Amino acid sequence: MNEFETEALKLAVRAYKRGEIPVGAVVVKDGKIISRGFNKREKKQIATKHAEIVAIEKACKKLKSWRLDGCEIYVTLEPCPMCAGAIANARISTLYFATEEKTSSDNLLEKILSSNRLNHHVNIKRCDGKIEAQKLLQDFFKKKRKKTQQN
């Protein structure tokens, strides 16, 4: 794993420790991390506080622009449709993700990011941290199910 993938995984662990679905994201420009994010939906009680959205918002503030041209985003989990739309609308050049969403057999991510309806297309690449990201997610949901069964 490279340093960006490692940082995204560290952020996913932070989310896990806070009772959030363990997803982390970093936005990179010119080989440097410019923003970080992890899921905060439970804490903030805001549906859109996904790791990618948090990282994109911070990157926009840092660059003082909604256009993140030349930026890349590294995420531990394949982005949902909302986050895929945000990535495309922010004009991020490349998305790297570690593991697939369990329901991703329909290629929805690719369809969204390559849609002719959008002015911008995003390159999609896989990261090396698939096993680590999957294990973190599996442990999180196993723990959550066990807690639900105890109540």
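The values are calculated or read from the model by the stated rules, or taken from the named source; none is laboratory data. What you are looking at is a predicted structure, and each value in this text was computed from that prediction instead of being measured. Heads up, the Cβs are rebuilt from the backbone with ideal geometry, glycines too, and the neighbour counts pull from every protein chain shown. To get the accessible areas, we keep the full protein, side chains included, count just its heavy atoms, and leave off ligands, DNA and RNA. Shrake-Rupley method; radii C 1.70, N 1.55, O 1.52, S 1.80 Å.
Here the simple spin-label model places points 7 Å from the Cα toward Cβ, and for residue 147 and residue 43 these points are separated by 1.5 nm. Heavy-atom accessible area for residue 82, with the other protein chains in place and a 1.4 Å probe, reaches approximately 70 Å². On the basis of the beta-carbon distance and an R0 of 22 Å, residue 30 and residue 103 show a calculated FRET efficiency of 0.05. Convex hull volume per residue, computed on the Cα atoms of segment 44-123, equals 97 Å³.
Using heavy atoms of the protein chains and a probe of 1.4 Å, the accessible area assigned to residue 41 is about 90 Å². Just how far, in whole angstrom, is segment 28-63 from segment 97-151 if you go by their alpha carbon centroids? Taking the Cα centre of each part, segment 97-151 and segment 28-63 sit 17 Å apart. Ranking 143, 61 by solvent-accessible area of protein heavy atoms (1.4 Å probe, all protein chains present), from largest to smallest, gives 61, 143. Springs between Cα atoms under 10 Å define the GNM used for the chain, and in it the highest mean-square fluctuation of 36, 18, 91 occurs at 18. Solvent exposure of the chain amounts to 59 Å² per residue of accessible area, where only protein heavy atoms count and the probe is 1.4 Å.
Which lysines, on any chain, are close to residue 62 with Cα under 28 Å apart, when same-chain ones fewer than 8 places away are left out? Answer for residue 62, where 28 Å is the Cα cut-off: 10, 17, 29, 32, 40, 43, 44, 49, 125, listed by chain and number. Sorting 77, 63 by accessible area puts them as 63, 77; the probe is 1.4 Å, largest comes first, and only protein heavy atoms count.
Report the one residue of 11, 85, 103 whose Cα lies farthest in the direction of the positive end of the charge dipole of the chain (charges on C-beta: Lys and Arg +1, Asp and Glu -1; origin at the Cα centre). Ranked along the dipole, the leading option is 11.
Report the percentage of all Cα-Cα pairs in segment 80-151 whose separation exceeds 20 Å, rounded to a whole percent. Considering segment 80-151, 43 percent of its Cα-Cα pairs are separated by more than 20 Å. A 1.4 Å probe over all protein chains sorts 148, 99, 6 by accessible area into 148, 6, 99, starting with the largest.
With respect to the cross-link table entries 64/142; 64/147; 61/142; 58/102, which display a Cα-Cα separation exceeding 31 Å? Over 31 Å Cα-Cα: 64/142; 64/147; 61/142. Under 20 Å from a label point 7 Å along Cα→Cβ of residue 93: give me every residue in segment 109-133 with its amide N that close. So the set is 113-115, 119-128. For the pair residue 18 and residue 2, the difference between a 0.36 nm per residue extended length and the Cα-Cα distance amounts to 3.3 nm. Here each label is just a point 7 Å from Cα along the line to Cβ, and for residue 69 and residue 119 those points are 1.1 nm apart.
Compare 19, 31, 129 in a GNM of the chain, Cα atoms joined below 10 Å, and give the one with the largest fluctuation. Answer for the Gaussian network model of the chain: 31. Annotation: residue 65 carries an accessible surface of approximately 40 Å², with a 1.4 Å probe and no ligand, DNA or RNA atoms counted. Computed over protein heavy atoms with a 1.4 Å probe, the carbon and sulfur contribution to the accessible area of segment 45-151 reaches 50%.
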